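See structure below.
The numbers here are math on the coordinates, done by the rules we state, and not lab data. Note that the coordinates shown come from a computational prediction; the quantities given were computed from them, not determined experimentally.
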Amino acid sequence: MSEGLEAHWKSHVAEYFPQCPLCGSKSLEYDVEYGSTQDYIYCISCDAKWEIDWKGEDFEIEYIILLEVRDLGKYSDLIKEKRSPEFWHKMMSDTKEQVPVVKAETVRKVRCEYCGTFYNETLDACPYCGGRTTHNPVLQGL
């Protein structure tokens with residue numbers, strides 16, 4: 001696939017998610033590939049992860065599901081619920097608490113060999129599916 005087409009899809013997703021609707025941070029990563037059946041949005045600040053579901057031949061965003069977040073108690077009613085892109089966009093404008101911009105230590109993410117989820121490279125197993133890490137040089141000496 002051309003890099004231009006993939007950049008178009010990422011910018012399409014970024015229109016709905018210019019910042020995290022939960023914490024207001026603009027530290028987002030987009031794991032979006034044209035034709036992929038599972039695309040994700042990650043907030044580096046609050047460890048939120050959303051799955052994007054597409055519809056139709058034009059691949060419009062049908063709904064976005066919040067899969068995980070650090071402060072589960074605060075957002076438990078949103079976990080694994082199908083919500084429209086407009087719902088998340090409105091929530092962004094309603095976000096009162098903005099996260100201050102703080103230069104944080106970079107955390108490298110690795111992709112799980114079993115389910116494809118990105119997670120912190122220092123973990124020895126995927127927090128989503130439990131798959132054990134086999135390729136992480138950080139953990140090989142443990």
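Amide H of GLU68: which non-local residues (sequence gap of 5 or more, or other chain) have their own amide H closer than 5 Å, using H built in the peptide plane?
LYS49
Longer than 20 Å from Cα to Cα, which of LYS74/LYS109; LYS80/LYS109; LYS49/LYS82 are they? Say none if no pair is.
Working: LYS74/LYS109 25 Å; LYS80/LYS109 22 Å; LYS49/LYS82 13 Å.
Correct reply: LYS74/LYS109; LYS80/LYS109.
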